[in-house]
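The values are calculated or read from the model by the stated rules, or taken from the named source; none is laboratory data. Given the structure is predicted, the values throughout are model-derived calculations rather than measurements. Methodologically, a virtual Cβ is constructed for each residue, glycine included, from the backbone with ideal geometry; neighbour enumeration extends over all protein chains shown.
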Amino acid sequence: MNLGIVCYPTYGGSGVLATELGMALAHKGHNVHFITSHQPVRLNFLNPNLHFHEVFLEDYPLFHYQPYVLALSSKLAEVVEKYDLDIVHVHYAIPHAYAAYMAKQMLKQKGINLPIVTTLHGTDITLVGSHPVYKTAVEFSINNSDVVTSVSDSLRRDTLRLFNINKEIDVIHNFVDFKKQKDINDEDCKRGTLANSDEKIITHISNFRPVKRVLDVILTFNEIQKSIPSKLLMVGDGPDREKAEILAKELGIKKNILFMGKSDEIREILCFSDLFLLPSETESFGLAALEAMAARTPVISTNTGGLPELNVQGETGFLSDVGDISEMSKKAVFILKDEERLKRFKDNAFDHAHKFSLESILPHYEEMYRRVKENCC
Ligand code: GMT
């Protein structure tokens, strides 16, 4: 099949998922064309079936904002026609589903039919998409997609609650490619460079947006380190990083926290992590937590959104109410203070992550594409 993929090329979960999906499809012999503003961060081109088309923007003194949707829809129409794409799969509704709809209309005029698949990832629905400024256009784009998927059952329910949707929404969970996890052997896993042998390593990875509640990560770690010698790795960057650094300093624990910034070495970092903290306000699925589990790291998370579809209470980690620092730190200490128990949680996390392996999830996407191609429009 010839597929187009549109996504945010940055460090966010939707872009990572879309890139991993495209690479896996190319590996299976599909031709995959990424149409994005920059090269997606995890995209490597060691496959002749992978192609990248950059969406360029032209500045003009009249523009207050550069019209990205216009440029994207033009590029989409051009690439679909030139490479005879069967389907365009857009990740994150804003503004991708809207741009794809416009491209579809442009191509219709030329007698070309373009089926559109839209995958909803979370904040495009729960935070930004349902805001009155965007809601009408987002609802319109979802209803005018040929197939709509969401990354969790919780997000599906949220979408139906927040919008007036006249379509089925298929749930296809996030996935992780275990083959890439296995690439890291014990020698490459350099735990000793970051912590002493008697210390545990606790990790948080995100884009440090307010929804991630990074201050709760610091507060939870502050409680944990009172009874467990440990280091905290803060991986990523974003609006709340400075606040988190200030809080760490005020609490006098900055020497035990490493703010690493954005990293391309997520798997290398996770290989020596003992516990993953994800105290998000809302989380449609929690791809970062799944990647942690696939690297044998148990998860202390909140119980919002789709997290209960991934993290199993008392088995792969624990789930608490948003903001319940006391409960999150107690549960973290419970896991970390006993080596046998920690090993059990690590094994459970790893085993459970297989439910979301590439091999289990990819066929759902392929089957959906086949259905779209055969029946669409
Ligand atoms: O979580 C983020 O800040 C990034 C965000 C995105 O849209 O790039 O991630 C969302 O999509 C991921 C992949 O489907 C999900 O695993 C994340 O849970 C979801 N984030 C939120 O819902 C906050």
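Listing for the model above:
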| quantity | calculated |
| --- | --- |
| Residue match in segment 17-31 (condition: in a strand (DSSP E or B) and in the same structural domain as Leu72 (by TED's automatic domain parsing)) | yes |
| Residues that are in a helix (DSSP H, G or I) and either within 15 Å of the ligand (Cβ to nearest atom) or among the aliphatic types (A, V, I, L, M) (or both), drawn from segment 211-235 | Val211, Lys212, Val214, Leu215, Asp216, Val217, Ile218, Leu219, Ile224 |
| Test: residue in segment 20-33 that is at positive phi and without any contact (Cβ under 8 Å) to a residue 60 or more places away in the chain | yes |
| Any chance Lys331 is out of contact with any Lys or Arg (no Cβ under 6 Å at 6 or more places or on another chain), within 20 Å of Leu233 (Cβ to Cβ), among the basic types (Lys, Arg) and in the same structural domain as Ile224 (by TED's automatic domain parsing) | yes |
| Filter result (over 13 Å from the mean Cα position of the chain (by Cα), aromatic (Phe, Trp, Tyr) and surrounded by fewer than 23 Cβ atoms within 10 Å (Cβ to Cβ)) within segment 10-58 | Phe45, Phe52, Phe56 |
| Residue among Val88, Val79, Val148 that is closer than 22 Å to Asn2 by Cβ, assigned by TED's automatic domain parsing to the domain that holds Val171 and touching a Lys or Arg at 6+ places or on another chain (Cβ under 6 Å) | Val148 |
| Candidates Ser227, Ser141, Ser152, filtered to the one that is in contact with an Asp or Glu (Cβ under 9 Å, 6 or more places away or on another chain), over 20 Å from Cys271 (Cα atoms) and not aliphatic (A, V, I, L, M) | Ser152 |
| Which numbered condition Asp146 misses (of (1) within 16 Å of the ligand (Cβ to nearest atom); (2) closer than 26 Å to Pro95 by Cβ) | (1) |
| Number of positions in segment 12-23 that are of a type outside the set (D, E, K, R) and more than 8 Å from the ligand (Cβ to nearest atom) | 5 |
| Unmet criterion (only one of (1) within 16 Å of the ligand (Cβ to nearest atom); (2) surrounded by fewer than 21 Cβ atoms within 10 Å (Cβ to Cβ); (3) under 26 Å from Ser357 (Cβ atoms)) for Cys7 | (2) |
| In segment 201-210, the residues that are surrounded by fewer than 19 Cβ atoms within 10 Å (Cβ to Cβ) and either in contact with a helix residue (DSSP H, G or I) (Cβ under 9 Å, 6 or more places away or on another chain) or part of a strand (DSSP E or B) (or both) | Arg209 |
| Helices (runs of 4 or more DSSP H) enclosed by segment 236-307 - at least 1 residues per element that are more than 13 Å from the ligand (Cβ to nearest atom) and within 15 Å of Pro210 (Cβ to Cβ) | 241-250 |
| Unmet criterion (only one of (1) aromatic (Phe, Trp, Tyr); (2) modelled with pLDDT under 95; (3) surrounded by 19 or more Cβ atoms within 10 Å (Cβ to Cβ)) for Tyr65 | (3) |
| Pairs, first closer than 17 Å to Lys82 by Cβ in segment 105-127, second away from the ligand (no atom under 16 Å from the Cβ) and part of a loop (DSSP other than H, G, I, E, B), C-beta under 7 Å, six or more apart | Leu107/Leu114; Asn113/Cys377 |
| Among (1) more than 25 Å from Arg156 (Cα to Cα); (2) assigned to a loop (DSSP other than H, G, I, E, B); (3) in contact (Cβ under 8 Å) with a residue 60 or more places away in the chain, the one test that Glu315 misses | (3) |
